[in-house]
Amino acid sequence: MSGRFTVDRRSALAIAASTALLPLGLRNDAAAAPLPAKESALRLGRDQPFNTKWRFLRGEAQGLERPGFDDRNWRVVDLPHDWSIEDVPDGTPPDQLGPFDKNAAGRTATGFAVGGEGWYRKHFRIDGIPDDARVEVVFDGIYLESALWLNGQPLARNVGGYSPFAVDLTPHLRRGGDNVLAVRVQNSGRNSRWYSGSGIYREVRVDVVPSGTRLERWGVGAWTRRISAGRAEIDVVTAIVAADPTMMLVTRLREPSGRIVAEASGLAGEEARQTLSVRSPRLWSPESPTLYTLESELHRGSTVIDRMAQAFGIRTVGFDSKLGMTINGTRTVLRGGCIHHDNGLLGACAFRDADERRIRLLKERGFNAVRSAHNIASRSLREACDRLGMLLIDEAFDIWHVEKLPQDFSVRFGEHWHDVIQSMVLPARNSPSVVMWSIGNEVPQRATDEGVEWAWKLSNAIKRLDQTRPVTAGVNGLLGAPMVATAGTARPGFAGRRDNASTIFLDVPGYNYRLEDIEPERAEHPERTVYASETFPADASDYARLAERVPYFLGEFVWTAMDYLGEAGLGAATNISVGGVAYNLPSWPWVNAWCGDIDLIGNQKAPSRYRDVVWGLSRLEMAVQRPVPEGKIESVSNWGWSDELQSWTWPGSEGKELAVRVYTSGDRIELLLNGVKMGERVLFPGDKMRAELKVAYAQGVLEAVVYRSGAVIARKSLATVGSAAKLRLMPERRLAGSDRQALHFIDLQVLDAAGRLRQDDKVSVRLQVDGPADLIGFGSANPFAVGSFQASQAQTFHGRALAILRARGTKGPVRLTATAGGMAPASTIVQLG
Amino acid sequence: MDAPLYPPATSFVQPERVAYRISTRNTPIAELMKIPSAWAIITEEVPNIDARLSVPMLKPHLGNFSLRSLVQFGFAKPEQLDRADARLLQLGDIK
């Protein structure tokens, strides 16, 4: 092939086939479609999957990067992959249970998960691409420190465990033979306050692009400048490598149907600025997340030499102390949740289907925002937010220059902070879901002179890359000394105004657990617009009422929306002796935080049901506190919730008074047991939509009837269930994808003979899979280590478990069968196609 | 409607601290420790406070928390801090 890099029709089709969101011939929902997952031979084009058939070794040795090294005995893995969620090699109970080790370096912080060193090797060929093409591999995230070699030649190192990064393979490529990309990953010491996972835990892609003039990686920045008179004006800045003024840059916007709604063309300068004007735009919002496709093309004459396509949402977001947060001019209260990055039983693996499921589950519970605590969100999570209409605060750091843990990112911060900022902002700046950039969370010594200077550097580094979103941070405790910045240093309009050390360079401060401070500080700082970046679940009503009352408070982000691995036992509820010290320090075998509204496998916990009532999703929820032994009282962490279940099955408690908790938007509650009135309560605003009544336990049906202004508005009952009799398998989807990135989630339940859930059962269940799928996750929401997350046998918790299947790449039915001693088995079929 | 912009600042000059009345409620522990006259008052009113604050886990957070916020964890008694605040008030405004 000649050295001339041109695109003929065949190659253009190849680009179209391998590039996300291209317009031609795609379905009407092209912009919302997921990226292609099927992997084939590399060819010209961007965003080609590079995830299958990596060879993996858990351990360390010399010379593993050499191209001639015999890796045939290594395990074959398909990315994303996290070795920390695999069973501890040669682990022995009781100190090693599944992936957890009582002696792990990270202790409770990482949920007793094990790090260490691992190696990946990927063999590939590039026979089908032009000789002068540039080949880049793009990692969305490797935890923690990685070193890369191609064909034995050192390529790059990366230290940001959540940072996407690209590496140019071109100089060391073998054009006509086997290429070996070797990646060493090290996750050592006490470097994380939560479960991080280990390895190449996010997807990898390859771009094959022109070696000369081309679109710069993450070089297209677009934003909605104005929406007015039925028209949207969108400014687009495009960075071009080795700009050639004889070339043309064509930028266009396609609506979801594929129709072009705006187009601009001009000379392809180093930094080309264009404006797209869209008549009657369909706006993006949490309620209606319409995605367009933004296309950028470089033309030499009639030939397209490079092309990029990405999702884009037309929307404006404003923050104002008198109007609150507005999206397209409409006030939107943040109903947010903090989430860590793990996907429960899958560990850190950022499967698109798993990330999408998390966002979908939270949308179903009324959340409209998530805070990616405390790291850069995966591309898959962010794109799920774009598609499903979930607002996102993307966060760069948990620490700056002063450590929280001995080997955390503070040891790399001084040298690499700017890399992290760039890797957060540039890939994500066109995502409509991203509404704020966070520079940190509860950062130590942020209020010292050095800390204040770091805040300035970080904030302004972001603004030099993206001026369209405010900078925030999660600030706990005190805001620091009052201080004043001069013009040139201050945020525009804030020169000479008194602020605080922790907030002076934040456009929209986030407050962690500062509920009582928000209104009192208004008198001194009427200019501030704030939100609660972390909250306790029990305060849901207070935050909701505050957001209704004052516009300068934007809403809350509960800690946390979903359970996560690590910070083990943060939300523990434990029984302590009466008169004892209410001080709880969970340790082994706690492995998950147990502070989520939603549990580790996706089911609602008690605080979520309370939130359903507070946010208006339900008028009535009822639960019963697990009986507390004589001489004990329950001690509940601020992040936790009392141990209560939607159950009226408490054998052994006959005749004892149980605490029945009722959450309701009504003003009067009646409780009936087997039709007999057992109690009544009137609710006042100070009750914050919750009440407790004591009822002596007897088998039967407990019913709550709720009134408002004398009229019944809701009823709910709990019935005593029979003994465990059978299992049930419930796929979340009957028909689903068959490519290697496709996952299928199947809920397993323990039922009585009448088909009612056994809310408190721990039953050992075995699964069998028949068909073209692998069982990659099986386990429960149990916050204690009980065993493997990847074996075919697991124990239910609260009567439930979750099975996760990964398609093998072929279509067809998959039968899943569950068996347990003394119970009728269950089976279900998922159709892959 | 026009979308808002958040343009970058041009250069950094250390912001000037404004003098204020320090207290165990509004001043980070690390700040109090840096003011010898203030910390002398604290250590007189709350004996052994230095030892209590030397816990490694606590160290990163001393710049973000007040002494008053640690009362719930038994680091000091409210009446001790009340006495300390009365004496800190005598120090006047401090930068």
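The values are calculated or read from the model by the stated rules, or taken from the named source; none is laboratory data. From a predicted model like this one, the values you see are computed outputs, not experimental measurements. Virtual Cβ from ideal backbone geometry, glycine too; neighbours counted across all protein chains shown.
What's the total number of residues in segment A:57-92 that are out of contact with any Asp or Glu (no Cβ under 8 Å at 6 or more places or on another chain) and closer than 19 Å to A:Arg205 by Cβ?
Adding up the residues that qualify gives 4.
Which residues, taken from segment A:620-660, are of a type in the set (Val, Ile, Thr), over 25 Å from A:Val558 (Cβ atoms) and buried (at least 19 other Cβ atoms within 10 Å of the Cβ)?
Within segment A:620-660, A:Thr649 is the sole residue that qualifies.
For segment A:266-286, which residues satisfy the criterion of being under 15 Å from A:Ala243 (Cα atoms) and loosely packed, with under 15 Cβ neighbours inside 10 Å? Reasoning before the result, please.
Narrowing segment A:266-286 to residues under 15 Å from A:Ala243 (Cα atoms): A:266-273.
Answer for segment A:266-286, where residues must be under 15 Å from A:Ala243 (Cα atoms) and loosely packed, with under 15 Cβ neighbours inside 10 Å: A:Gly266, A:Leu267, A:Glu270, A:Glu271, A:Arg273.
Enumerate the pairs (first residue in segment A:661-675 and on the phi < 0 side of the Ramachandran plot; second residue anywhere and assigned to a strand (DSSP E or B) and among the aromatic types (Phe, Trp, Tyr)) with beta-carbon separation below 6 Å, excluding pairs fewer than 6 apart on the same chain, so at least 6 apart or on different chains.
Matching pairs, first to second residue: A:Gly666/A:Tyr707; A:Arg668/A:Tyr707.
Which of (1) facing chain B (nearest Cβ under 7 Å); (2) closer than 23 Å to B:Ile94 by Cβ is the odd one out, the single condition A:Asn476 does not satisfy?
Going through the list (1) facing chain B (nearest Cβ under 7 Å); (2) closer than 23 Å to B:Ile94 by Cβ, A:Asn476 breaks only (2).
Here is a list: A:Pro130, A:Pro89, A:Pro154. Which entry is surrounded by fewer than 17 Cβ atoms within 10 Å (Cβ to Cβ) and touching a Lys or Arg at 6+ places or on another chain (Cβ under 9 Å)? Write out each step before concluding.
On the way: A:Pro130 fails: surrounded by fewer than 17 Cβ atoms within 10 Å (Cβ to Cβ); A:Pro154 fails: touching a Lys or Arg at 6+ places or on another chain (Cβ under 9 Å).
Answer to the check: A:Pro89.
Any residue at all in segment A:433-453 that's over 23 Å from the mean Cα position of the chain (by Cα), of a type in the set (A, V, I, L, M) and either within 10 Å of chain B (Cβ to nearest Cβ) or surrounded by fewer than 22 Cβ atoms within 10 Å (Cβ to Cβ) (or both)? Walk me through how you get there before you give the answer.
So in segment A:433-453, the residues over 23 Å from the mean Cα position of the chain (by Cα) come out as A:444-453.
Subset that is of a type in the set (A, V, I, L, M): A:447, A:452.
The next check asks that each one be either within 10 Å of chain B (Cβ to nearest Cβ) or surrounded by fewer than 22 Cβ atoms within 10 Å (Cβ to Cβ) (or both); those that pass are A:447, A:452.
Within segment A:433-453, one or more residues are over 23 Å from the mean Cα position of the chain (by Cα), of a type in the set (A, V, I, L, M) and either within 10 Å of chain B (Cβ to nearest Cβ) or surrounded by fewer than 22 Cβ atoms within 10 Å (Cβ to Cβ) (or both).
Please note which helices (runs of 4 or more DSSP H) are completely contained in chain B and include at least 2 residues that are away from chain A (no Cβ under 11 Å), buried (at least 20 other Cβ atoms within 10 Å of the Cβ) and modelled with pLDDT of 95 or more. Reasoning before the result, please.
Numbers: elements: B:29-34, B:36-45, B:49-52, B:78-89.
Counting at least 2 such residues, we get B:36-45, B:78-89.
Quickly run through segment A:491-519 and pick out the residues that are touching an Asp or Glu at 6+ places or on another chain (Cβ under 9 Å), hydroxyl-bearing (Ser, Thr, Tyr) and assigned to a loop (DSSP other than H, G, I, E, B).
A:Tyr513
I need the full set of residues from segment A:168-183 which are surrounded by fewer than 19 Cβ atoms within 10 Å (Cβ to Cβ) and under 23 Å from A:Arg379 (Cα atoms), in order please.
Listed by number, the list holds a single entry, A:Asp168.
Please work out which residue is farthest from the other protein chains (Cβ to nearest Cβ), limiting yourself to segment A:485-528 and to residues that are under 24 Å from B:Glu16 (Cβ atoms) and polar (S, T, N, Q).
Out of the qualifying residues, it is A:Thr503.
Which residues, counting only those in segment A:459-470, are within 11 Å of A:Val425 (Cβ to Cβ), more than 7 Å from every other protein chain (Cβ to nearest Cβ) and not in a loop (DSSP other than H, G, I, E, B)?
Matches in segment A:459-470: A:Ala461, A:Ile462, A:Leu465.
Would you call A:Gly118 crowded, with 17+ Cβ neighbours inside 10 Å and either under 30 Å from A:Gly177 (Cβ atoms) or of a type in the set (Val, Ile, Thr) (or both)? Spell out how you get there, then give the answer.
Details: crowded, with 17+ Cβ neighbours inside 10 Å: yes; either under 30 Å from A:Gly177 (Cβ atoms) or of a type in the set (Val, Ile, Thr) (or both): yes.
Answer is yes for this residue.
Quick check on segment A:51-63. Is at least one of its residues at pLDDT 95 or above, in contact with a helix residue (DSSP H, G or I) (Cβ under 6 Å, 6 or more places away or on another chain) and within 16 Å of A:Gly347 (Cβ to Cβ)?
Yes, some residue in segment A:51-63 is at pLDDT 95 or above, in contact with a helix residue (DSSP H, G or I) (Cβ under 6 Å, 6 or more places away or on another chain) and within 16 Å of A:Gly347 (Cβ to Cβ).
Looking only at segment A:576-605, count every residue that is in a loop (DSSP other than H, G, I, E, B), of a type in the set (Gly, Ala, Ser) and over 22 Å from A:Arg358 (Cβ atoms) and tell me the total.
Going through segment A:576-605, the residues in a loop (DSSP other than H, G, I, E, B) turn out to be A:578-589, A:591, A:593-597, A:599-603, A:605.
Those left that are additionally of a type in the set (Gly, Ala, Ser): A:579-580, A:582, A:587, A:593, A:596, A:602.
Filter once more, so that each one left must be over 22 Å from A:Arg358 (Cβ atoms): A:579-580, A:582, A:587.
Counting residues in segment A:576-605 that are in a loop (DSSP other than H, G, I, E, B), of a type in the set (Gly, Ala, Ser) and over 22 Å from A:Arg358 (Cβ atoms) gives 4.
Need a quick list: strands (runs of 3 or more DSSP E) entirely within segment A:271-334 having at least 2 residues that are under 27 Å from A:Trp559 (Cβ atoms) and not acidic (Asp, Glu).
Values: elements: A:271-279, A:292-300, A:303-312, A:317-320, A:324-327.
Those strands (runs of 3 or more DSSP E) span A:317-320, A:324-327.
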